[in-house]
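The values are calculated or read from the model by the stated rules, or taken from the named source; none is laboratory data. All figures in this text were calculated on a predicted structure; none of them were measured in a lab. Quick reminder, even Gly has a Cβ in these numbers, built from the backbone with ideal geometry, and neighbours come from all protein chains shown. All accessible areas refer to the heavy atoms of the entire protein, side chains included, with ligands and DNA or RNA removed. Shrake-Rupley method; radii C 1.70, N 1.55, O 1.52, S 1.80 Å.
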Amino acid sequence: MRAVLIGVGSIGGPLAVLMHEKGVDLDVVAHGEEKAKLIREEGFKVTGTLGEHVERLNAHASIDELSGTYDVCFIATKYQQMPELAREITLHLNENSLVVSLQNGIVTDLLAKEVGENRTVACMIGIGATLLAPNHVQVTAGNEFIIGMPYRENTPEVYEVAKLMSACCPTAVEDDIIARLYSKVIFNSCINSLAGITGKTVGSILDTKDARRIILAIIREGMAVADKMQLDVPKFNMLPKFGTIAKNNNPISNAFFSNFLRIGFKVASKNVKPSTLQSLEKGNRTEIDIMNGYISAKGKELGIPTPVNDSLTKMIKDIENGNLKIDPENVKRVVFI
């Protein structure tokens, strides 16, 4: 399959490097000529849990520089940039081409609007990484992808795409990809919002009772929305099934799950600095709208109250706008009712 990857960053970079290393016919679109030249001449470096790899990639400064058509396109940018890039890449797709969204949330409606439902492939990203330099990513956690077509039955081509992605990490094909993605939405809503408002990794902030109470509330609100959406949300990694946590809301269960999650999230996140905190520290916009903001928006649409997710979304946006400072004491400002 001829492939193109747009967005050579913390997720796109490792995928591109390891696919290219395995001989995949791949072009990449970087952010501007300076970065494209750097990747062409010096290569893109991946370190961390996937080992050390350096590959010189066939990098272009923009989609305008591409020629011909591609069997698969991976879009690994922030979700805000994805629709416009998807619209532009349609000039280089054939009837059976697939477009894979590599965003940390449920953005399939935005993608399908630009490329069509028959081309849309969603991906649950099971790796965490930090961009150390324009051409250097350190992979810090996890090592899997799960992909699937949300609007139709998975085609043979989807399984071919999974084989390409397996050059980077084990990649499975899922029938109910939206339910799988939703489990990651809840997980991301927990680790990103807390890290964003406090400036700490989840592994350290969850030592406080206030933070653990917030985690339980995020999960329970998220599952109330999922139930209304008729999603059978699966387990996420080693954590208890979120539906089990939601259904057992009493002092004994709360104490048990509170401590289990404290240990589980510490193991899962370790010292990882989630993307929301990274963005805030750089003065950039976050992707909170496809995390806690997604739960809030769906809650409003379906008539389900989500006060904690509403509050966290607002706090992150207040930090973005300079109206609130990152502070561990922000956990005490979260609104529950």
Segment 182-311: radius of gyration over Cα atoms, expressed as a fraction of 2.2 N^0.38 Å: 0.99
Remind me, what semi-axes does segment 1-87 give for its equivalent ellipsoid, largest first in whole Å, using sqrt of 5 times each Cα gyration tensor eigenvalue? 19, 14, 13
Per the Kirkwood formula on distinct C-alpha pairs, the Rh of segment 286-337 is how many angstrom? 11.3 Å
Quick check for you: with a 1.4 Å probe and neighbouring chains kept, what is the accessible area per residue of the chain, in Å²? 43 Å²
If I compute solvent accessible area with a 1.4 Å probe over the protein chains, what percent of it on segment 42-103 is carbon and sulfur? 43 percent
With angles folded into 0 to 90 degrees, how steeply does helix 156-165 sit against the dominant principal axis of the chain? Use alpha carbons for both and round to 10. 80 degrees
Measuring from the longest principal axis of the C-alpha atoms of the chain, the long axis of helix 209-228 (C-alpha) lies at a number of degrees, nearest 10, equal to 70 degrees
Heads up, segment 59-152 by the C-alpha gyration tensor (a ≥ b ≥ c square roots of eigenvalues; a/c under 1.5 rounded, else a/b over b/c prolate, else oblate) looks oblate
Options (i) 15.8; (ii) 25.1; (iii) 17.2 - which one matches mean projected area of the Cα convex hull in nm² as calculated here: (i)
Expressed as a rounded percentage, what relative contact order does segment 142-292 have, with Cα pairs under 8 Å and six or more residues apart? 27 percent
Note to self, the chain gives a 222 nm [θ] from helices alone (DSSP H runs n ≥ 4, -39500 (n - 2.57) apiece, / all residues, nearest 500) of -13500 deg cm²/dmol
With labels modelled as points extended 7 Å from the Cα through the Cβ direction, what inter-label distance (nm, one decimal) is found for K247 paired with D327? 4.1 nm
Can you give me the angle between helix 177-198 and the longest principal axis of the chain, using Cα atoms only, in degrees from 0 to 90, rounded to the nearest 10? 70 degrees
Need one number: nm distance between label points at K209 and N284, each 7 Å from Cα along Cα→Cβ, rounded to one decimal. 3.8 nm
The chain: relative contact order from alpha carbon pairs under 8 Å, six or more residues apart, as a whole percent, is 14 percent
Computed label-point distance, nm, for sites T90 and D25 using a 7 Å Cα→Cβ extension: 2.5 nm
Of K22/K163; K273/K300; K282/K325; K163/K241, which pairs sit farther than 18 Å apart, going by alpha carbon to alpha carbon? K273/K300; K163/K241
Taking the DSSP beta bridges in segment 98-189 as the whole, what percent of them are antiparallel, to the nearest 5? 60 percent
